[in-house]
Amino acid sequence: MANRQANVYTFKVVKDATKTEIKNAVEEAFKVSVKNVNTLNTKSKRRRVGKYAGRTKTYKKAIVTLAEGSVIEI
């Protein structure tokens, strides 16, 4: 998911990843300059499939803001 006007991209990352690790990984993988990284842990939700009830998995979401002039080509 990307908002090209604001240079903001969202990634699903490993739960124990730090902001510094995420920044370095994005810069190395896409050859861009990262300005800011925000993270949040999503909670599981209750879901039903037929007669069975369960929960979705929890995961960490990273919201990465790129520096001016940097764009990730999708």
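Just the residues that are farther than 29 Å from GLY69 by Cα, β-branched (Val, Ile, Thr) and open to solvent by less than 80 Å² (accessible area, probe 1.4 Å), please, taken from the range 13-53. The one that is farther than 29 Å from GLY69 by Cα, β-branched (Val, Ile, Thr) and open to solvent by less than 80 Å² (accessible area, probe 1.4 Å): THR42. Those strands (runs of 3 or more DSSP E) of the range 10-61 in which at least 1 residues are without any contact (Cβ under 8 Å) to a residue 12 or more places away in the chain, considering only elements entirely within it, cover 46-49, 52-55.
The number of residues in the range 1-29 that are more than 11 Å from the chain's Cα centre (by Cα) and modelled with pLDDT under 95 comes to 5.
The values are calculated or read from the model by the stated rules, or taken from the named source; none is laboratory data. A quick note: this is a predicted structure, and the numbers were derived from the prediction, not measured. Reconstructed Cβ throughout: ideal geometry from the backbone, glycine too, with neighbour counts over all protein chains shown. For accessibility, only protein heavy atoms count, side chains too; no ligands or nucleic acids. Shrake-Rupley method; radii C 1.70, N 1.55, O 1.52, S 1.80 Å.
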